[in-house]
Amino acid sequence: MREIKFRAFIKGKKETAKVNAIDFSLEKVRASYYDKELKNIITETYNFDEIELMQYTGLKDKEGEEIYKKDILKISNSEVGKVEFINGSFYFLAFPLKDDIRIASYFWNQVGVEVIGNIYENPELLETK
């Protein structure tokens, strides 16, 4: 069984944070992030509309970094794409979207994926050249 956890992109801060708790009845998320100016970990509560949740895939990249939905990955053949959850599974979708490059998560170890960012903090990584 894979570990269930989330991280959140805090829209107002343009920062990702570790999710500590989710209250679905109140539609609130408690999350912690590192404040570079204060050099301290800050924990705050956010409404659902203030954040974007990113679910952990249960997998790590070739460097040991955890892979979340909406992460941007680079695979060994230099394709760049994002992680999406489709029909109950996580997939790598090449960008620009190519029908022939849609890789299910159970093949990621075979193709050597690397997390290079996420769509919220690094959208420029998905821009077409």
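Explain nothing, just the number: relative contact order of the chain, from Cα pairs under 8 Å at least 6 residues apart, as a whole percent.
Values: 247 pairs, mean separation 24.9, N = 129.
Taking the mean separation of contacting Cα pairs over the length of the chain, I get 19 percent.
Where Lys and Arg each count +1 and Asp and Glu each count -1, what net charge lies around residue 49 among other residues with Cβ under 11 Å from its Cβ?
Details: positive: 11, 28; negative: 27, 50, 52.
So the surrounding residues net to -1.
Mind checking the dipole of the chain: about its Cα centre, +1 per Lys or Arg Cβ, -1 per Asp or Glu Cβ, Debye to the nearest 20? Walk me through the intermediate numbers first.
On the way: 20 positive and 23 negative charges, 34 e Å.
Here the chain has a charge dipole of around 160 debye.
Once both labels are positioned 7 Å from their Cα atoms along Cα-to-Cβ, the gap between residue 22 and residue 104 label points is 2.4 nm.
Beyond 21 Å in Cα-Cα separation lie the following of the pairs 5/70; 18/39; 13/62; 11/36: 13/62.
Of the two radii for the chain, the radius of gyration is 0.99 times the Kirkwood radius, both from the alpha carbons; that is the Rg over Rh value.
Every number in this text was worked out from the coordinates using simple rules, so none of it is lab data. Fair warning: this is a prediction, and the values are worked out from it, not measured in the lab. Note that we place each Cβ from the backbone using ideal geometry, even for glycine, and neighbour counts take in every protein chain shown.
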